[in-house]
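As structure tokens, the structure follows; a few thoughts come after it.
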Amino acid sequence: MSKINIAVFVSGGGTNLQAIIDNIKKGNIDGNIEVIISSKKDAYALERGKKHGIEGIYIGKNNYPNLAERTYKILEILEEKQIDLIILAGFMSILDKEIVQRYKNRIINIHPSLIPSFCGRGFYGKKVHEAVLNYGVKVTGATVHFVDEGTDTGPVILQKTVIVKDDDTVESLSKRVLEVEHEILPMAIKLFAEGKLKVEGRKVRIK
């Protein structure tokens, strides 16, 4: 495959964005980040992108009040940039089904648990780790998956486990899970860029 054009959707600090940028610079991913789209105007991820000369665009409820407007603007940008792959890296908004359908099996999300555990509506950020600790499970981790019309229900690409320690706090656990996210998200993008991911129903085959 030729070099892919990537759009990264963010809402926060952008550490996963940074992991992608670093892997592209190292030559691990045959692609370029053409645009960063943020649902929050003050997301630090936009500043990270700016430092690397990547265009950042804020598309939120303040400048595009309704979903239809936001969807139209996002699709306009994706088409203009000829985007091959969308990465949801801590993106805290729900994508309209029109975007999901148009980019079927070309949208990847990272989630801080082992799907199908601790996922779906209401499970995001620290809320996931709080639930993990409250439930008392011994193993958690991170999941990279394709996005479908549901919430965290798309086909799983990669997962990696993290042991839950007896003295873990939300902060200590989230730090170790984030380290795993930084490992498997770029790996999944690399596999996509190399044409090695094949979706067969609910399963993703790595060729």
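Quick note: the coordinates plus some simple rules give every number you see, no bench work behind them. Keep in mind that what you see is a predicted model, and the values were worked out from it rather than measured. Here the Cβ positions follow ideal geometry from the backbone for every residue, glycine too, while neighbour counts run over all protein chains shown.
The table for this structure:
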quantity: Positions within region 138-155 being surrounded by 17 or more Cβ atoms within 10 Å (Cβ to Cβ) and part of a strand (DSSP E or B), in sequence order; calculated: Thr140, Gly141, Ala142, Thr143, Val144, His145, Phe146
quantity: Selection count where residues are of a type in the set (Gly, Ala, Ser) and free of Cβ contacts under 8 Å to residues at least 40 places away in the same chain, scope region 1-42; calculated: 3
quantity: Conditions (1) in contact (Cβ under 8 Å) with a residue 24 or more places away in the chain; (2) surrounded by 13 or more Cβ atoms within 10 Å (Cβ to Cβ); number of the one not met by Gly195; calculated: (2)
quantity: Enumeration of residues in region 99-132 that are more than 18 Å from Phe9 (Cβ to Cβ) and of a type in the set (Ser, Thr, Tyr); calculated: Ser113, Ser117
